[in-house]
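Every number in this text was worked out from the coordinates using simple rules, so none of it is lab data. Note that the structure is predicted; figures quoted are calculated from it, not measured. Heads up, the Cβs are rebuilt from the backbone with ideal geometry, glycines too, and the neighbour counts pull from every protein chain shown.
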Amino acid sequence: MNDCLFCKIIKGEIPCHKVYEDNLTFAFLDIGPVSKGHTLIVPKQHADIMQAGSLDDALAIMTTTYQIAPAILKALGATGYNLGMNHGEDAGQDVFHTHLHFMPRYEGDARTFIKQKPSQEELAQVAQLIRQEL
Ligand code: 5GP
Ligand code: ZN
């Protein structure tokens, strides 16, 4: 578990662009966003996949999503969003710490899932805009 990337991010051992944090959950920008503001919402307690963790943690990531969604939309001018979770290698999971993808969508959005490579400055600016709405 000490080798878990997201656990290290939660503990502050690896930098991230944090959006939100509470007792049970942590939310930060995806480093390879498919859309501007692509956010990962994770339980603080490590679990490889959702059902390996507690039901409380599974519900908590949706509670956080419910709470921060309006701020992300407002901050970035998004008009919709996709939610996604990958569970298991065959489903495309790369990081084995439960996470929910929040992918904002915009008017005229091509709605692709192609990862982009924004600069650290761009990500920092997006995270700041979101935090200002929370
Ligand atoms: P998965 O494929 O496991 O559902 O998604 C893992 C996500 O984590 C990917 O979208 C990927 O871009 C993101 N990711 C991988 N490494 C890092 C990192 O070091 N920092 C951040 N913020 N996101 C990461
Ligand atoms: Zn972890």
* Can you list the residues, at least 5 places off or on another chain, whose amide H is less than 5 Å from the amide H of Asn82, using H built in the peptide plane? -> Met103, Arg105
* **Karplus-derived 3J(HN,Hα), 6.51/-1.76/1.60, for each residue of the stretch 10-19, Hz, glycine and proline x** => 4, 7, x, 7, 10, x, 8, 9, 6, 10
* Step through the residues of the stretch 108-122 one at a time and calculate ³J(HN,Hα) from phi using the Karplus curve (6.51 cos²θ - 1.76 cosθ + 1.60, θ = phi - 60°), rounding each to whole Hz and writing x for Gly and Pro. => x, 4, 6, 6, 7, 10, 7, 6, 9, 10, x, 6, 4, 5, 4
* **Range in the chain, longest, excluding exposed trypsin sites (Lys or Arg not before Pro) [loop by DSSP; at most 15 other beta-carbon atoms within 10 Å]** => 1-110
* Counting other Cβ atoms within 10 Å, keep those with at most 13, restrict to DSSP loop, and tell me which chymotrypsin sites (Phe, Trp or Tyr not before Pro) in the stretch 44-134 are left. => Phe113
* Rounded Å value of the spacing that divides the Cα centres of the stretch 1-46 and the stretch 67-134 -> 12 Å
